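Student: First the structure, which I've put down as structure tokens, then a few questions once you've had a look.
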Amino acid sequence: MLGLYSSRVHFLIFICLVATGAYGASSQPNKSISSAATGLWQTSSSWSLAVPPSTTSQTGIFITNAASKTVTINSSTPSGNMTINDLTVTAPSGAINTLQLTTVGTVTPLCIVNG
């Protein structure tokens, strides 16, 4: 009987975590760079969800696809795109992906909330 009780408790904890968003998928999607070319962070068409990264438009940012590229954040990047939830920059063997910060300044630095 104790085993059945324990299973019910674990199931209820799991349901509570899912219901509160503490487990599983988030309500915000992940976003990845969809362009194979080098470009600016704020260029909407470069991203898989067709909007630049921000905390309101994504949960995770991924610069990970196979084509080597540099994504640049510069002084023209809107401040609303300078705070993100998570960032992954990596590349498969033979490729190099880079996030470059150029003349960004200190007024609105890149802030990674869950980094």
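Rule-based calculations on the coordinates, nothing more; no lab input. Keep in mind that this is a model prediction, so the values were computed, not measured. Cβ coordinates were reconstructed from backbone atoms using ideal geometry, including for glycine residues, and neighbour counts include every protein chain displayed.
Student: Karplus couplings for segment 63-76 from phi (6.51 cos²θ - 1.76 cosθ + 1.60, θ = phi - 60°), rounded to Hz, Gly and Pro as x?
Tutor: 10, 9, 6, 5, 6, 4, 7, 10, 9, 10, 9, 9, 5, 8
Student: If a paramagnetic tag sat 7 Å from the Cα of Ser48 along the Cα-Cβ line, which residues of segment 57-78 would have the backbone N under 15 Å from that point?
Tutor: What the label zone holds, given the 15 Å backbone N cut-off, is 57-67.
Student: Would you mind checking the radius of gyration and Dmax of segment 27-112 based on alpha-carbon positions, in Å?
Tutor: 12.1, 36
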